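Asker: Attaching a single structure in structure tokens format; questions to follow.
The values are calculated or read from the model by the stated rules, or taken from the named source; none is laboratory data. Please read all numbers here as calculations on a predicted model, not as lab measurements. Cβ sites come from the backbone with ideal geometry, for glycine too, and all protein chains shown count toward neighbours. Just the protein is used for accessible areas: all its heavy atoms, side chains included, with ligands, DNA and RNA removed. Shrake-Rupley method; radii C 1.70, N 1.55, O 1.52, S 1.80 Å.
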Amino acid sequence: MAWNTRGLRGSLFEELIDMTNQLYRQKGLALIQKVPTPITPIAVDNKAHTITHAYFEKKSTVDFIGAAQGLPICFDAKETRRLSLPLRNIHDHQVEFMQDFTRQKGMAFLLVHFQEKNEMFLLPCETIAAAKKNEKNGGRKSIPYKDFNSRLLVQNKNGFPVHYLTAINEYIKIRGE
């Protein structure tokens, strides 16, 4: 797969998540790191010191991984300009990794930013897996905004730009109900 700017669409959202993760670490709430995607440069612009063409060395799994208050977590960040999340943006190998992660007693999810609404949600792994299975059986090719659980809304709160730990706690409550 050739590297191009299409994969950088969510970079501002990811930067806000990175800022949140730094604050979480400073306050002792979580230790979450961005997972680098290994690339092999093919062409380099030496004057601009930039890679102009590259290939991904292997399929990426998730964007972030770590632990929050003893709970292993992994997640990917997705952004959409639509009022739905296209399932084509979620790769089967990512879902498989997240399912394997949950089988190891971790929590796996997506953080989804709806640009038009300027709202962010936690989307649990099992919801993603069910949507992908439904798609393969001829169902919807996206998850509509209205299907996102309002209890899993992620706020910009208490100085944390993407305060997803509160959504994790809410999700744990929902699972226990």
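Asker: Compute the FRET efficiency between Arg81 and Lys105 as 1/(1 + (r/R0)^6), taking r as their Cβ-Cβ distance and R0 = 25 Å, and round to the nearest 0.05.
Answerer: Numbers: r = 35 Å, r/R0 = 1.41.
Using R0 = 25 Å, I get an efficiency of 0.10.
Asker: Taking amide hydrogens as modeled 1.01 Å from N in the peptide plane, which residues meet the under 5 Å criterion relative to Val44, leaving out close sequence neighbours?
Answerer: Amide H neighbours of Val44: Thr52.
Asker: Then there is this: Between Asn118 and Asn169, how high is the FRET efficiency from 1/(1 + (r/R0)^6) when r is the Cβ-Cβ distance and R₀ = 30 Å? Nearest 0.05.
Answerer: E between Asn118 and Asn169, to the nearest 0.05, is 0.85.
Asker: Taking amide hydrogens as modeled 1.01 Å from N in the peptide plane, which residues meet the under 5 Å criterion relative to Phe148, leaving out close sequence neighbours?
Answerer: none
Asker: Ignoring ligands, DNA and RNA, what percent of the 1.4 Å accessible area of segment 69-141 is carbon and sulfur?
Answerer: 45
Asker: Scan around Gln155 for amide H atoms under 5 Å from its own, H built in the peptide plane at 1.01 Å from N, and keep only partners 5 or more places away or cross-chain.
Answerer: His163
Asker: While we're looking at this one, here's another question. Set the Förster distance to 30 Å, then compute FRET efficiency between Ala67 and Asn134 from the Cβ-Cβ distance, nearest 0.05.
Answerer: Calculated value: 0.45.
Asker: So what are the ³J(HN,Hα) numbers for segment 151-158, from phi and the Karplus equation (6.51, -1.76, 1.60; θ = phi - 60°), rounded to whole Hz, Gly and Pro as x?
Answerer: Rounded to whole hertz, the list is 6, 9, 5, 9, 9, 8, 8, 6.
Asker: Apply the Karplus parameterisation 6.51 cos²θ - 1.76 cosθ + 1.60, with θ equal to phi minus 60°, to every residue of segment 129-135 and state each ³J(HN,Hα) to the nearest whole Hz, in sequence, with x for glycine and proline.
Answerer: Couplings: 4, 5, 5, 5, 5, 4, 4 Hz.
Asker: Could you give the accessible area per residue of segment 107-147, probe 1.4 Å, as a whole number in Å²?
Answerer: Per-residue accessible area for segment 107-147 comes out at 50 Å².
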